[in-house]
Amino acid sequence: MKFEHEKTNDILRWFEKINQIPRCSGNEEAIINWLKNWAEQNHFEIKTDEVENVLIKVPASSGYEKSPVVVLQGHLDMVCEKTPDSIHNFANDPIKLMQDGEWLTADKTTLGADNGIAIAMAMTLALEKGVLHPPLELLFTVDEERGLVGASM
């Protein structure tokens, strides 16, 4: 995928990686483990709670350590729907992204963009060296699509 703005491309590279991981509601274990690995590789503190919500703490940029924390929240699961003629298996198959000009779609399935893109944007911001920011907390909740389970905790 290639778009005009480099930041858009950075976000969409993460989104494409996220969409390689099946993550229907109630099946978020793989995305949780992937995020834990990402946080550890980047030396970010990571915590999970009893329902497996994920909290990643990103240190502030130099000079912004005493600023109030900013929380960026999204959910890890996605609506898993497909067309009647699709052979996609949401338990195992990655979402196949398709680009048509400035439009990004999926091949006969839902795209998972409502919060897959929230995860990708938060990850991009956390790693962006050119953006000065206060301490960040990336809060990713589970099982939102079936009843706001993680958000209710």
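The values are calculated or read from the model by the stated rules, or taken from the named source; none is laboratory data. Worth saying up front: this structure is predicted, and the values here are computed from it rather than measured. No Cβ is skipped: glycine too gets one built from the backbone with ideal geometry, and neighbour counts run over all protein chains shown. These accessible areas exclude ligands, DNA and RNA; they are computed on the full protein's heavy atoms, side chains included. Shrake-Rupley method; radii C 1.70, N 1.55, O 1.52, S 1.80 Å.
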Value in Å of the Kirkwood radius, where the chain supplies the Cα pairs that are averaged: 16.2 Å
Accessible surface ranking that places the most exposed of 137, 28, 45, 50 first, with a 1.4 angstrom probe: 50, 45, 137, 28
Proximal charge balance of residue 70 [Cβ under 15 Å; K/R count +1, D/E count -1]: -1
The stretch 47-134 shape via C-alpha gyration tensor axes, a/c threshold 1.5: oblate
Links that overshoot a 19 Å alpha carbon limit, given the list 57/129; 17/96; 96/129: 96/129
Cα convex hull volume per residue for the stretch 35-84 (Å³): 131 Å³
Calculated [θ] (222 nm, deg cm²/dmol) that DSSP helices of n ≥ 4 give over the chain, each run adding -39,500 (n - 2.57): -8500 deg cm²/dmol
Residues of the chain: accessible area per residue with a 1.4 Å probe, Å²: 56 Å²
